[in-house]
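What follows is calculated from the coordinates using simple rules that are stated; it is not laboratory data. These numbers come from a predicted model, not from an experiment. Virtual Cβ from ideal backbone geometry, glycine too; neighbours counted across all protein chains shown.
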Amino acid sequence: MAYAPSTSGKGAMVWEMNEKSRYPGDPQGQAWVAGVKQGFLVKSVGGVDVSNYEFWDIMDMVDDKIKDNSAGKFQSGGQGTMGNKPAELPVAIEYAELKVDEGDWLGMESTGDKVDMRDARFADLPSDATIKEYRIPKAVPIASEVVEALRGYVASLPEPSSADGPRYKGKASFSGDSIKAMIQDFKVGKLLPLKDAYQLAIDAFDILKKEKTLGRVTVPEGKKVTVVGDLHGQLWDFDFMLGLAGLPSADNQFVFNGDFVDRGPWSVEVVFSLLAFKVWQPDHVFMNRGNHEAEMANHFYGFFGELEVKYEKKMTELFADLFRATPLCHVINNEAFVVHGGIPGPDPRVWWKGIDNQISFDGRSLQISLDEIENSDRFMEPNPNLNPLMVDLLWSDPKGKEGYGPSGRMSSGIYLFGPDVSKNFMVHNKLRMVLRSHEVKAQGFRYDHDGEYPLITIFSAPNYVDKAGNLAAVAVLTNTGSQLQGPEFLQYAAQPHPDVPSGAYAVGGPLHPDGLVEA
């Protein structure tokens, strides 16, 4: 039903398939009948070895589609540089099983071990139900061989020859006015020079790696904090939002809640603006990783392609580690939990084929503390086997019905959670509210769980992907009377921007480097 490439863009992996045959000759079940499994790689098409072909060259031969996981829809893909034609039918496709280390999560469904049907808790489950251990790996000091190797490379780069455009000459060179001017330069097509861009990202990495997986934000009496949701490279909307909310300061702290990049064609400019704020105001600007701060997403949805076009491919390695070093969540004044996706999921993690959105189950008897999150390892790609907590924090969504249930976003590693689940998490950790993002909302925000323990979604990319038609919002919390008041929401609509389509740098997009090379 869908294929996916490796993060390098090569090869084609079975991303989604029907692992059953509904009736004899079922076209969606024949691969399963023939022994194909999720995660298998295409080895040959019509007798031609394609194992080292680029993804789109293989897709041209099999005349297939790629699935957009966030939207749950199929989209036509790009065209490979080889100009391959669809193979003549009937065609034989040979697959190979990939053996990977436990830490190499490729995004395919991970089934876990069979449940013990003698356990009374699982008596009503189907015989193919599986169970996975809920692991929370302990944090270790973050170190990056990539970043260390780049320090010498950056030092060897020549100094920029032109003074026209934005520059970075260390933290002391930044001020509110200089960063505002930098954003205006970005809007007329001027970029940081290559040497400056590398140095700013490395300096931001050095700050982020010292922070905890769960950060603590203190808002003094009479001061405020602004929580910003998904930005997705929409530079003109980001700039307009800053005009409403103001710039970061000790009086107006900011928590940027993930999904800074991908889809929007100015992801490079947006993320460098955020890094500038972080380096300028490290104690008053906080960043949470989102599900789009991940290698697979960045390859599919445009950020890595944009980096390669606007700078060079080597820079993608730096941002992969910078995003791994970014904290997963923050707590404001011990009252508000801010996270991109959601809260800890079920333990044990039970799944079975055919589980649907009507299913709801009580899946957590032992609550996870903020301290456990704070001291967990984050310097990795999301992996539901090694770190289900990370997957929960980056990917999960709320639902109206109580208990846990399956999510249609990706695979068996992702769950939905009800108001009872969020309340139990907040009560256990003495919290008053959860602020999260990750989902488009028509008004830019929504109380997904209301009442005494609200869970609120904030989405800050208006008219998402140039077609959703939604408003955007940011949430402002003020410390009044030694307690956070609000949130108050600043709403805004999409701003006019140059005619560059959303997804322009994504795989198959008109500005993706592979397409530019072909042209």
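For the range 386-423, the residues whose backbone nitrogen is under 15 Å from a point 7 Å from the Cα of W32, taken along Cα to Cβ, are 412. Within the shell of other residues whose beta carbon sits under 13 angstrom from the beta carbon of S161, the net charge comes to -1, with Lys and Arg scored +1 and Asp and Glu -1. Extension gain for K314-D49 works out to 92.5 nm (0.36 nm per residue, less the C-alpha to C-alpha distance). For K180, a cut-off of 15 angstrom between C-alpha atoms picks up these aspartates and glutamates, skipping any fewer than 8 places away in its own chain: D237, D239, E269. The lysines within cross-link reach of K430, meaning a Cα-to-Cα straight distance under 29 Å and a gap of 8 or more places when in the same chain, are K132, K138, K209, K210, K212, K223, K224, K278, K399, K401, K441.
What value does the range 283-360 have for Rg/Rh, both radii from Cα atoms and Rh as Kirkwood defines it?
1.11
If I model the range 230-299 as equal point scatterers sitting on the Cα atoms and use the Debye formula, what is log10 I(q)/I(0) at q = 0.12, 0.16, 0.21 Å⁻¹? Normalising to I(0) and taking log10 leaves -0.29, -0.52, -0.88.
Excluding same-chain neighbours fewer than eight residues apart, the lysines reachable from K314 by a Cα-Cα span under 16 Å are K195.
Here r is the Cβ-Cβ distance between A92 and D164 and R0 is 35 Å; the resulting FRET efficiency, rounded to 0.05, is 0.05.
When only alpha carbons are used to place a centre, the range 370-407 and the range 294-368 end up 7 Å from one another.
Using only side-chain charges placed at the Cβ, +1 for Lys and Arg and -1 for Asp and Glu, the dipole size of the chain relative to its Cα centre rounds to 820 debye. Model label sites at S365 and K180, defined 7 Å from Cα along the beta-carbon direction, differ in position by 5.8 nm. Restriction of the trypsin sites (Lys or Arg not before Pro) in the range 424-519 to DSSP coil positions whose beta-carbon has at most 13 other beta-carbons within 10 angstrom yields K430, K467. A viscosity of 1.567 mPa s and a temperature of 4 °C, combined with the Kirkwood radius over C-alpha pairs in the Stokes-Einstein formula, give the chain a diffusion coefficient of 54 µm²/s.
Label-to-label distance, A172 versus A143, with points set 7 angstrom from Cα along the beta-carbon direction: 3.1 nm. With a Förster radius of 56 Å applied to the beta-carbon distance between K85 and D116, the computed FRET efficiency rounds to 0.60.
When DSSP assigns beta bridges and you keep just the ones with both residues in the chain, what percent turn out antiparallel, to the nearest 5? Mind showing how you got there, number by number?
Numbers: 45 of 68 bridges.
Of all bridge pairs located within the chain, approximately 65 percent are antiparallel.
Taking Cβ atoms as reference points and 12 Å as the exclusive limit, the residues near R446 contribute a net charge of -2, counting Lys and Arg as +1 and Asp and Glu as -1.
Spin-label model, K401/L157: points 7 Å from Cα along the beta carbon direction are separated by 5.2 nm. Looking at the range 140-174, which trypsin sites (Lys or Arg not before Pro) are DSSP coil and have at most 13 other C-beta atoms within 10 Å of their C-beta? Passing sites in the range 140-174 are K169. Hydrodynamic estimate: the Kirkwood radius of the range 360-519 over Cα pairs, inserted into Stokes-Einstein at 37 °C and 0.692 mPa s, corresponds to D of 179 µm²/s.
Loop-resident trypsin sites (Lys or Arg not before Pro) (DSSP state other than H, G, I, E or B) in the range 254-351 with no more than 13 further Cβ atoms inside 10 Å of their Cβ: K313.
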